[in-house]
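Peer 1: Mind looking over this structure? Questions follow.
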Amino acid sequence: MGITIMSKAEDFSQQLQEHGQQLARIERLLAGQKETLTSVRAIPHYVDRAELASWLRRNRVKTVQEIEQEATTFIRAKGQKGGVSK
């Protein structure tokens, strides 16, 4: 059980690193074009903190501790319903 959770955590960590690298590449590409893209209003040149915070909340990812707690709760509930108890 612990190995599965750790594997998922490691997979998630790897995905985060890959997404971070992709974002860095996109930022580098856009950095040279920002003046042109904003001057023709192709992209906004401001950051609305409220919109960004809202987006981050919608796309929240659980921590390893939250996942482990949910797994523990699930296993305990399963045991109380007539499954294997400890």
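The values are calculated or read from the model by the stated rules, or taken from the named source; none is laboratory data. Just so it is clear, the model here is predicted, and its values are computed rather than measured. Because the Cβ atoms are built from the backbone with ideal geometry, glycine has one as well, and the counts that use them run over all protein chains shown. Surface areas here come from the heavy atoms of the whole protein model, side chains and all, with no ligands, DNA or RNA. Shrake-Rupley method; radii C 1.70, N 1.55, O 1.52, S 1.80 Å.
Peer 1: Apply the Karplus curve 6.51 cos²θ - 1.76 cosθ + 1.60, θ = phi - 60°, to the phi angles in segment 12-23 and return the couplings in whole Hz, x for Gly and Pro.
Peer 2: Result, rounded to whole Hz: 4, 4, 4, 4, 4, 4, 5, 5, x, 5, 5, 4.
Peer 1: Here's a follow-up. With label points built 7 Å along Cα→Cβ from the Cα atoms of ASP48 and GLN80, find their separation and express it in nm.
Peer 2: Going by the 7 Å Cα→Cβ label model, 4.4 nm.
Peer 1: Rounded to the nearest 10 Å², what accessible area does GLU10 show when all protein chains are kept and the probe is 1.4 Å?
Peer 2: Rounded to the nearest 10, that gives 110 Å².
Peer 1: First measure r as the distance between the Cβ atoms of MET6 and ARG58, then evaluate 1/(1 + (r/R0)^6) with R0 = 35 Å and state the FRET efficiency to the nearest 0.05.
Peer 2: 0.80
Peer 1: At 1.4 Å probe size, with no ligands or nucleic acids counted, give the accessible surface of ILE75 in Å², nearest ten.
Peer 2: 70
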